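Asks: The following block contains the structure, expressed as structure tokens.
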There are 2 protein chains.
Amino acid sequence: MPRVNVGLLGFGTVGTGMVEILINNRQLIEDRLGAEIVLKKIADLDIVSDRGVKIDPTVLTTDAMEIVNDPEIDVVVELIGGCDQAMEYVVMAMERGKHVVTANKALIAEHGKQLFETAEQYNVDIAFEASVAGGIPIIGALREGLSANQIKAVSAILNGTSNYILTRMTEEGLSFDEVLSIAKRLGYAEADPTLDIDGSDAAHKLAIIISLAFGRPFNYEDIYREGIDNVCPEDIGFAGEFGYCLKLLAIAREADGHIEARVHPAFVPLDHILANVKEAYNAIYVEGDFAGPTLFYGLGAGRRPTGSAVVSDLLDIARNHIKGITRRVSPLSFSRSPAKELSLKPMNQVITEYYFRFSAVDRPGVLSKISGILGQNNISIASVIQKGRRTHGSVPVVMLTHEAKENDVRKSLELIDRLDVVTEKTVLFRVEKKTGT
Amino acid sequence: MPRVNVGLLGFGTVGTGMVEILINNRQLIEDRLGAEIVLKKIADLDIVSDRGVKIDPTVLTTDAMEIVNDPEIDVVVELIGGCDQAMEYVVMAMERGKHVVTANKALIAEHGKQLFETAEQYNVDIAFEASVAGGIPIIGALREGLSANQIKAVSAILNGTSNYILTRMTEEGLSFDEVLSIAKRLGYAEADPTLDIDGSDAAHKLAIIISLAFGRPFNYEDIYREGIDNVCPEDIGFAGEFGYCLKLLAIAREADGHIEARVHPAFVPLDHILANVKEAYNAIYVEGDFAGPTLFYGLGAGRRPTGSAVVSDLLDIARNHIKGITRRVSPLSFSRSPAKELSLKPMNQVITEYYFRFSAVDRPGVLSKISGILGQNNISIASVIQKGRRTHGSVPVVMLTHEAKENDVRKSLELIDRLDVVTEKTVLFRVEKKTGT
């Protein structure tokens, strides 16, 4: 039986998941593949700790270069994380004719262009299914399953920690801080959850999705980002009253040669399938010009789901290897740069609907002042809720708008927040109805 | 630029969708593929009607054999439907070294074994993404995206017509017959909707899913089938009171070397993601041993979504063709018959939870008689609703059970329906909580 020799860099959580699958599902993989996947070497600084998987201790090494330089190794799996070292090893591996599988979203999002060029130069495959949405085969769907389509829009829940926190806040009415400490205790949030809750993690994944959808590397820095740390139960409550829930959405949309790219908390209609993606689940809602709307849902993180994606990439590369070919599908699914030119739509040109919560003194004429400013800036109001008096003399005035331009919204809120009847900075959330079916 | 020559058999709805994509997205496809897909010939008995797509009339022929015998044609797309003629042409095409793409679920479900053997014998590819769930790339997900997993269970909504009807019945409280006539008028149901509403269509698709999940052709006749024509608004109402909705589910589950395979209306918990698959949408909920639960959702039928699946198969085969290889992945994703033996679990051995609606005379002691028989047959009751008096002297007694064996349920209901206090045949639905996340 043919063999494919694999070297693993980084024996952490995901690495352990991958090894578990190669052991537990060895028979299944051989039945599918008609070949054997041999884990020849594992490099990690810690080769002592027990990961709970049975491996021959002689495969362990602390020297990553033993893998990079091993002429018998066909595929290098990079699960170190971070950018510096990982980049170095991955490039060296490709220079030595080895294929690469990685789960490293930062690496692909920030250095994709260079990596894909290196892979082309050395005629090797680079696969990264595990870098976006864990066990959900979304990379495969965008590269191959939906390959007949121009992708028009993607709206996605890409960060499990944020989705877990928003779900608990919604269902139990707790504050962000209260839920965050629960999430840390239960392992849904890391000790330092910054990258999860400030939108960076979702933005990395969105950059990869955009590059696949539109066939060209996309600069992750170009993605507008807001996190969920300012979400409070009050706004979640109002969202519910209007028929929405609050989700951290990653949105990309193409129109007239421009791409919108943004990650922020957003109102999602309760009858939309994305509204029902709860707890730590991820989901990607993709609109193709012919397939129409599709949704891909599952566990976006964790040892086992991410391991599943890594091993499916191994099978994919192994299938090429067995047939003696490489680069059957190029990393971004496009064998040449797409003819269609696309430029970034600046955030202030984005058009969507909005939710505002104004903190105003409870006095006649306040609503007319606020709505006057909105009207002068082309923002038309769809509905208003004004609740009864508060003890501290200030009441929330809550509003949904029709479609408006971000720039007009910002200008208006600047003026409104300067009014003497307005007591606090206005809260703003974008209302994403276009993702509706 | 390399070319892949395609011949199309059957210029109906899906054929038109495919042609539309090849015209509208020609540039995109060439950018992705680095090759040209040339539609060389189209065979149909009707070559006169205007399909609304611009094609060179010289590609049209009424003689399918012109395509089958054309040595320049690399891929034959079969969109004739039905089994007899389609089978004949597909086999002849493969015998002449041509790859085949088909959207024909009946063909794959009923003749898959023979087709896959023929494809192997002549070393050609046979692709059928369009045969299950239209634009949703579920075949690709099962063959490749989840290839590291043992598939433990699949619960799916595979028939758009049934799902549309159940959605309208639920939201408007209308009867099956009322909604069916609306669905026919709006084009959601065909003039003769039998195969859609009796579960046959879903069973064909489930047979294909099972064969992919478990790596061996599965006899479609072995699938237990019940349709939705007996669903009435009363039961949908009770489902809602218990926190469920009613869906036509296609279920496959593997345990201890046995496969359950059944299509029937079922109660689905309202907080399950499948409960939110509404209107004519399809969705497949797949549980892998490592990926965990995943859901694939989208439009399961129609010219454009099904066309999308056909063209993605064309790209897949073209990518092999360009590299000079065939059969990179075998049709069921297994390069040899899986080691694991699986046998069919007979329906009467299936264990699930149940909903019963008894029609009983409103008299003391009735509930005790019914529950006595259930108890004697190892069926334990989870909850009961008994509503007030009806004018015709008979009241519904509604019950949810804990897990019970189908055989015990059938025995009990036979005894209960013979009681003189029971006035009508008991209504039964299975409650599928195991599909819960």
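The values are calculated or read from the model by the stated rules, or taken from the named source; none is laboratory data. The model shown is predicted, which means the values in this text are computed figures rather than measured ones. Note that we place each Cβ from the backbone using ideal geometry, even for glycine, and neighbour counts take in every protein chain shown. Surface areas here come from the heavy atoms of the whole protein model, side chains and all, with no ligands, DNA or RNA. Shrake-Rupley method; radii C 1.70, N 1.55, O 1.52, S 1.80 Å.
Asks: Using the structure shown, decide if B:Val19 is crowded, with 18+ Cβ neighbours inside 10 Å and either closer than 26 Å to B:Asn69 by Cβ or within 28 Å of the chain's Cα centre (by Cα) (or both).
Replies: When the stated conditions are applied, B:Val19 passes them.
Asks: Let me ask something else about it. Within segment B:25-41, can you find the residues that are within 10 Å of chain A (Cβ to nearest Cβ) and of a type outside the set (Val, Ile, Thr)?
Replies: Once the filter is applied, which keeps residues that are within 10 Å of chain A (Cβ to nearest Cβ) and of a type outside the set (Val, Ile, Thr), segment B:25-41 yields B:Asn25, B:Gln27, B:Leu28, B:Glu30, B:Asp31, B:Arg32, B:Leu33, B:Gly34, B:Ala35.
Asks: Specify which of the listed residues (B:Glu190, B:Glu171, B:Glu221) is within 13 Å of chain A (Cβ to nearest Cβ), free of Cβ contacts under 8 Å to residues at least 40 places away in the same chain and surrounded by fewer than 19 Cβ atoms within 10 Å (Cβ to Cβ).
Replies: Details: B:Glu190 fails: within 13 Å of chain A (Cβ to nearest Cβ); B:Glu221 fails: within 13 Å of chain A (Cβ to nearest Cβ).
Of B:Glu190, B:Glu171, B:Glu221, the one residue that is within 13 Å of chain A (Cβ to nearest Cβ), free of Cβ contacts under 8 Å to residues at least 40 places away in the same chain and surrounded by fewer than 19 Cβ atoms within 10 Å (Cβ to Cβ) is B:Glu171.
Asks: Separate question: All but one of (1) touching a residue at least 40 places away in the same chain (Cβ under 8 Å); (2) more than 14 Å from every other protein chain (Cβ to nearest Cβ); (3) charged (D, E, K, R) hold for B:Asp362; which doesn't?
Replies: (1)
Asks: For the subset of segment A:119-143 comprising residues that are out of contact with any Gly (no Cβ under 6 Å at 6 or more places or on another chain) and under 20 Å from A:Pro293 (Cβ atoms), which member is nearest to the other protein chains (Cβ to nearest Cβ)?
Replies: A:Ala141
Asks: B:Leu22: of a type outside the set (Asp, Glu) and either under 21 Å from B:Ala127 (Cα atoms) or away from chain A (no Cβ under 14 Å) (or both), yes or no? Break it down into steps so the answer makes sense when it comes.
Replies: Values: of a type outside the set (Asp, Glu): yes; either under 21 Å from B:Ala127 (Cα atoms) or away from chain A (no Cβ under 14 Å) (or both): yes.
Yes: the conditions hold for B:Leu22.
Asks: Looking at this structure, is B:Ala360 aliphatic (A, V, I, L, M) and under 30 Å from B:Lys113 (Cβ atoms)?
Replies: Working: aliphatic (A, V, I, L, M): yes; under 30 Å from B:Lys113 (Cβ atoms): no.
Taking the combined requirement at face value, the residue does not satisfy it.
Asks: Oh, and also: Filter segment B:92-111 for residues that are in contact (Cβ under 8 Å) with a residue 40 or more places away in the chain and open to solvent by 30 Å² or more (accessible area, probe 1.4 Å) and give the result.
Replies: Across segment B:92-111, the qualifying residues are B:Lys105, B:Glu110.
Asks: OK, next. Being open to solvent by 30 Å² or more (accessible area, probe 1.4 Å) and of a type in the set (Val, Ile, Thr) is the filter here, so list the residues in segment A:54-91 that pass it.
Replies: Within segment A:54-91, A:Ile55, A:Thr58, A:Thr62, A:Ile80 qualify.
Asks: While we're looking at this one, here's another question. Do any strands (runs of 3 or more DSSP E) entirely within segment A:253-345 hold 2 or more residues that are at the interface with chain B (Cβ under 8 Å from one of its Cβ atoms) and touching a helix residue (DSSP H, G or I) at 6+ places or on another chain (Cβ under 9 Å), and if so, which?
Replies: A:281-288, A:292-299
Asks: Right, next: When residues of segment A:112-129 are filtered for being among the charged types (D, E, K, R) and either surrounded by fewer than 23 Cβ atoms within 10 Å (Cβ to Cβ) or without any contact (Cβ under 8 Å) to a residue 60 or more places away in the chain (or both), how many remain?
Replies: Our first condition is that a residue be among the charged types (D, E, K, R); within segment A:112-129, this holds for A:113, A:117, A:120, A:125, A:129.
The next check asks that each one be either surrounded by fewer than 23 Cβ atoms within 10 Å (Cβ to Cβ) or without any contact (Cβ under 8 Å) to a residue 60 or more places away in the chain (or both); those that pass are A:113, A:117, A:120.
Within segment A:112-129, residues that are among the charged types (D, E, K, R) and either surrounded by fewer than 23 Cβ atoms within 10 Å (Cβ to Cβ) or without any contact (Cβ under 8 Å) to a residue 60 or more places away in the chain (or both) number 3.
Asks: Further question: Is it the case, given these coordinates, that A:Val38 is at pLDDT 95 or above, surrounded by 14 or more Cβ atoms within 10 Å (Cβ to Cβ) and touching a Lys or Arg at 6+ places or on another chain (Cβ under 9 Å)? Even if it seems obvious, please write down each step before you answer.
Replies: Details: at pLDDT 95 or above: yes; surrounded by 14 or more Cβ atoms within 10 Å (Cβ to Cβ): yes; touching a Lys or Arg at 6+ places or on another chain (Cβ under 9 Å): yes.
Yes: the conditions hold for A:Val38.
Asks: Sticking with this structure for a sec: Can you tell me which of (1) surrounded by fewer than 17 Cβ atoms within 10 Å (Cβ to Cβ); (2) in contact (Cβ under 8 Å) with a residue 60 or more places away in the chain; (3) more than 20 Å from the chain's Cα centre (by Cα) is the one B:Asn149 doesn't meet?
Replies: Every condition holds for B:Asn149 apart from (1).
Asks: Just checking: which of the strands (runs of 3 or more DSSP E) contained wholly in segment A:356-437 hold 3 or more residues that are surrounded by 14 or more Cβ atoms within 10 Å (Cβ to Cβ) and modelled with pLDDT of 95 or more? Show your work before the answer.
Replies: On the way: elements: A:381-386, A:394-401, A:422-431.
Here the list reads A:394-401, A:422-431.
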